[in-house]
Amino acid sequence: MPEAATHETTTAITPSPHRFTLRQRIVLRMIITAGYGIIRLIGPTLRVCVSREEGAQQTVDQRPLIVSFWHACMIPATYICRNIGVRVMSSNSYDGEYMGRIIRKFGFVAVKGSSSRNAVRALLGLRRALHDGWTVAFTLDGPRGPRYKVKPGPVALARSSGVPMSTFHIAVDRAWVLNTWDRLIIPKPFSRVLTRFGKLIPVPPGTPDEDLDRYQQELQDSLDRVREFAEANVNKVGSPEFPYGA
């Protein structure tokens with residue numbers, strides 16, 4: 001995986017500064033420094049295996065794709081998918097601001113918006129990114145849940161862009177689990193990690209509105225399936241069946 005993002009990766013679609021109080025800015029800086037440091041320290045120790053369903057994307061950095069995963073996986077996903085220029089929707093909330101700034105340090109590019117506010121502007125920015133050949137990603141139950149429940153953004157984007165949807169889940173055999181709505185996982189050093197990709201899901205450009213629910217359910221089923229597989233098999237990582245590496 002590339003270790004350095006290109007200049008385009010770090011500057012394209014960069015959001016404008018957001019104003020916060022002095023106290024918020026101080027706390028923001030502390031959270032960003034701590035979050036970046038934790039990921040940077042723990043990430044290289046992780047023992048990662050990448051597994052795929054038949055018909056799934058072939059490499060982590062394959063593009064363009066519309067990739068969806070659950071919010072709980074954000075920390076290991078930030079390290080595993082670092083420095084490949086993935087475009088992500090970043091919430092305008094305070095939480096979204098510090099997460100957006102952390103992931104930008106790992107080569108992601110934030111597009112401002114959320115499922116509830118400025119969604120149209122963000123989806124247009126993501127569509128432009130797909131047109132330019134980049135992969136875009138959704139933490140699909142974020143930023144505030146409900147947990148493990150998909151939202152319609154990726155399906156609409158897939159229909160309008162002609163780019164297929166992909167899914168993945170990351171399971172960790174040893175982790176700290178935060179007492180938050182998403183049960184955010186922080187891998188412990190030297191943990192075994194299983195990343196499972198689901199098969200690609202194309203949405204034909206001419207799909208009628210009444211058929212979109214079927215593709216949304218297919219996306220839900222795929223995310224449920226890869227999560228169940230990863231969590232059931234993460235303890236086998238390192239075995240001949242699940243060797244380390246991609």
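The values are calculated or read from the model by the stated rules, or taken from the named source; none is laboratory data. Only a predicted model underlies this, so the values are computations on that prediction, with no experimental measurement involved. Methodologically, a virtual Cβ is constructed for each residue, glycine included, from the backbone with ideal geometry; neighbour enumeration extends over all protein chains shown. SASA here: full protein model, heavy atoms, side chains in, ligands and nucleic acids out. Shrake-Rupley method; radii C 1.70, N 1.55, O 1.52, S 1.80 Å.
Taken together, the criteria exclude ILE84 from residues that are of a type in the set (A, V, I, L, M, F, W, C) and in a helix (DSSP H, G or I).
Which residues, taken from segment 57-83, are β-branched (Val, Ile, Thr), buried (at least 21 other Cβ atoms within 10 Å of the Cβ) and closer than 28 Å to PRO204 by Cβ? Those that are β-branched (Val, Ile, Thr), buried (at least 21 other Cβ atoms within 10 Å of the Cβ) and closer than 28 Å to PRO204 by Cβ: ILE66, VAL67.
In segment 64-80, the residues that are assigned to a helix (DSSP H, G or I) form Cβ pairs under 6 Å with partners that are surrounded by fewer than 22 Cβ atoms within 10 Å (Cβ to Cβ) and of a type in the set (Gly, Ala, Ser), at six or more places apart or across chains, as follows: TYR79/GLY43. Within segment 1-54, being open to solvent by less than 50 Å² (accessible area, probe 1.4 Å), at pLDDT 90 or above and not in a helix (DSSP H, G or I) holds for LEU46, VAL48, CYS49, VAL50, SER51, GLU53. Quick check: anything in segment 227-245 under 21 Å from ALA122 (Cβ atoms) and in contact (Cβ under 8 Å) with a residue 24 or more places away in the chain? So far as segment 227-245 goes, no, none of its residues is under 21 Å from ALA122 (Cβ atoms) and in contact (Cβ under 8 Å) with a residue 24 or more places away in the chain. Return the residue satisfying two criteria in turn: it lies in segment 185-217 and is of a type outside the set (A, V, I, L, M) and out of contact with any helix residue (DSSP H, G or I) (no Cβ under 9 Å at 6 or more places or on another chain), and of such residues it is surrounded by the most Cβ atoms within 10 Å (Cβ to Cβ). Taking the candidates together, the pick is ASP211.
Residue selection: THR180 satisfies the criterion of being among the polar types (S, T, N, Q) and exposed (fewer than 14 other Cβ atoms within 10 Å of the Cβ).
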